[in-house]
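Take a look at the structure below.
Throughout, read-outs are computed from the coordinates displayed, never taken from laboratory work. The structure displayed is predicted, hence computed values, not measured ones. Every residue, glycine among them, receives a Cβ derived from its backbone with ideal geometry; neighbour counts consider all protein chains shown.
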Amino acid sequence: MKTIIEAENDPRRADLDTDYDALGARLARRGVDIEALVARAASFAVAVPSWGTGTGGTRFARFPGKGEPRGIMDKLDDCGVIHALTAATPRVSLHIPWDKTEPALLREKAEEVGLGFDAMNSNTFQDQPDQPLSYKFGSLSHTDAATRRQAVEHNLECIEIGQAIGSKALTVWIGDGSNFPGQTSLSRQFERYLDAMRHVYAGLPEDWRLFSEHKIYEPAFYSTVVQDWGTSLMIAQELGPHAQCLVDLGHHAPNVNIEMIVARLIRAGKLGGFHFNDSKYGDDDLDSGTIDPFRLFLVWNELVELEDTPGLNLAHMIDQSHNITDPIESLIISACEIQRAYVQASLVDRAALEGFRAENDALMAAATLRAAFRTDVEPILQMARLRAGAAIDPIAAYRASGWRARAAETRPAVAAGGGGII
Ligand code: LRH
Ligand code: MN
Ligand code: MN
């Protein structure tokens, strides 16, 4: 991949230098140092979800692509390609039991492809073939104590695997809820969940964090146990200092002001991390920045404004499902778009913004944000990649590499099927 990246970068260098100098001059007129922005772009990192490297599918169908990863080893290979091309995705977030493998082998493979591990994800929203008790009617909040115990045990096992591979966090998302009014006690179901989570929390190593991930609905369509950030905050506050909230951008009703949620959770010291994706209607899991890039920018604007908040330590992760694109390409796009929003938010003229806020000059305050959002920072991203040995144009380099066609030679075709896994 290194040779291809160099060969692909060579003919693009001169144009990049021209674009970079021109942008540098424009930014200098605004009092912004382009080198400082390149340094910020270079320091940016977002984790790739192992499950995003395969074709996810919808509730209706899955149409597998060529050369799909056969298991976690292939997935790590694909994640290595994404990082080699972007220099922005140094870690992978695993999902257990989908990725369950001997930890020593995971470590070995990760080292080989130059990656580390981000938060572990547990899965009690599906039944596994060898599982004694079903999660059909819930997991951590199930009415049956033995089923809740099984779900707790699974989460503890995720921590154990995570510890062996250098992860430092566990993300818990459950599908528990109900489909009919009256089916469950909304209050007692939540108490059962909290009680089970206390057991998971008790198994957390000293240097670990526990993320609770909320989602408005799906698969439970009448009520969901952890349905919004209010419940998630309550959970994090009741469990203790190592418990924090994870915000998946797609897990809200349309038009919800997510950047406000971000600001509130930071205020409470309870924002732990993100699952980035984009959406038009629900938990669409589309590529970041492809539907509403301004919303992504506004989230980053809060993060940059509050970045010096003591103790703020965010786990940035992608969570997406690709149905019609090559997942490697979609993940590359997402990583670059999230990085773009970060850099754009970094060039907001904060002093001017504060002045306009103090004067209640709403028009100019909004214009200040738009000026940053409208700035084409592509040469900054390209320069950060070039200097890190990654690709000026990662998609072009990936296509030139023929990676997927080669993978298709060794990875057997996967049969098409019914509903997807996520
Ligand atoms: C639930 C979710 C959660 C899961 C992932 C596969 O919709 O966002 O993060 O772990 O999808
Ligand atoms: Mn998620
Ligand atoms: Mn989701």
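Some notes on this structure:
- Summary of packing: across the peptides 198-204, 315-321, 47-53, 146-152, the per-residue average of other C-beta atoms within 10 Å ranks them, highest first, as 47-53, 315-321, 146-152, 198-204.
- Phi to ³J(HN,Hα) by Karplus 6.51 cos²θ - 1.76 cosθ + 1.60 over the range 46-54, Hz, x for Gly, Pro: 9, 7, 9, x, 3, 6, x, 7, x
- With eigenvalues of the C-alpha gyration tensor scaled by 5 and rooted, the range 2-410, Å: 36, 28, 18
- Convex hull of Cα atoms in the range 10-49, direction-averaged projection (nm²): 4.1
- The range 206-344: relative contact order in percent, alpha carbon pairs under 8 Å with at least 6 residues between: 21
- Spin-label pair ARG26-ALA388: with each label point 7 Å from Cα along the Cα-Cβ axis, the two points sit 2.3 nm from one another.
- Highest mean first, the peptides 105-117, 210-222 sorted by other C-beta atoms within 10 Å per residue fall in the order 210-222, 105-117.
- Here the ratio of the Cα radius of gyration of the range 75-224 to 2.2 N^0.38 Å is 1.14.
- In straight-distance terms, cross-link reach from LYS270 covers every one of the lysines whose alpha-carbon lies under 28 Å from its own, apart from those fewer than eight places away in the same chain; here that gives LYS168, LYS215, LYS280.
- Relative to the longest principal axis of the Cα atoms of the chain, helix 13-29 runs at roughly 90 degrees.
- 3J(HN,Hα) couplings calculated from phi for the range 57-74 with the Karplus curve 6.51 cos²θ - 1.76 cosθ + 1.60 (θ = phi - 60°) are, in sequence order, x, 9, 5, 9, 6, 10, 10, x, x, 7, x, 5, x, 7, x, 5, 5, 5 Hz; Gly and Pro show x.
- Inter-part distance where the range 2-24 and the range 210-251 are each reduced to a Cα centre, Å: 43
- Amide H contacts of SER93: VAL48, SER50, ASP118, each under 5 Å away and 5 or more positions distant or on a separate chain (H built 1.01 Å from N in the peptide plane; Pro and chain starts excluded).
- Remark: the range 389-403, residue by residue, has Karplus-estimated 3J(HN,Hα) of x, 9, 8, 4, 10, x, 5, 4, 5, 4, 5, 5, 6, x, 3 Hz, where x stands for each Gly or Pro and the curve is 6.51 cos²θ - 1.76 cosθ + 1.60 at θ = phi - 60°.
- Each helix, a run of at least 4 DSSP H residues, gives -39500 (n - 2.57); summed and divided by the residues of the chain, these come to -15000 deg cm²/dmol at 222 nm.
- Order by protection proxy (mean Cβ within 10 Å, highest first), peptides 155-162, 234-241: 155-162, 234-241
- Relative contact order %, the chain, counting alpha carbon pairs below 8 Å whose residues are six or more apart: 25
- Our note on the geometry: Cα centres of the range 369-421 and the range 287-360, 18 Å apart.
- Amide hydrogen proximity for ALA315: with H placed 1.01 Å from N in the peptide plane, the residues at 5 or more positions away or on another chain lying under 5 Å are GLY273, PHE274.
- Qualifying trypsin sites (Lys or Arg not before Pro) for the range 272-343 [loop in DSSP, other Cβ within 10 Å: at most 13]: LYS280
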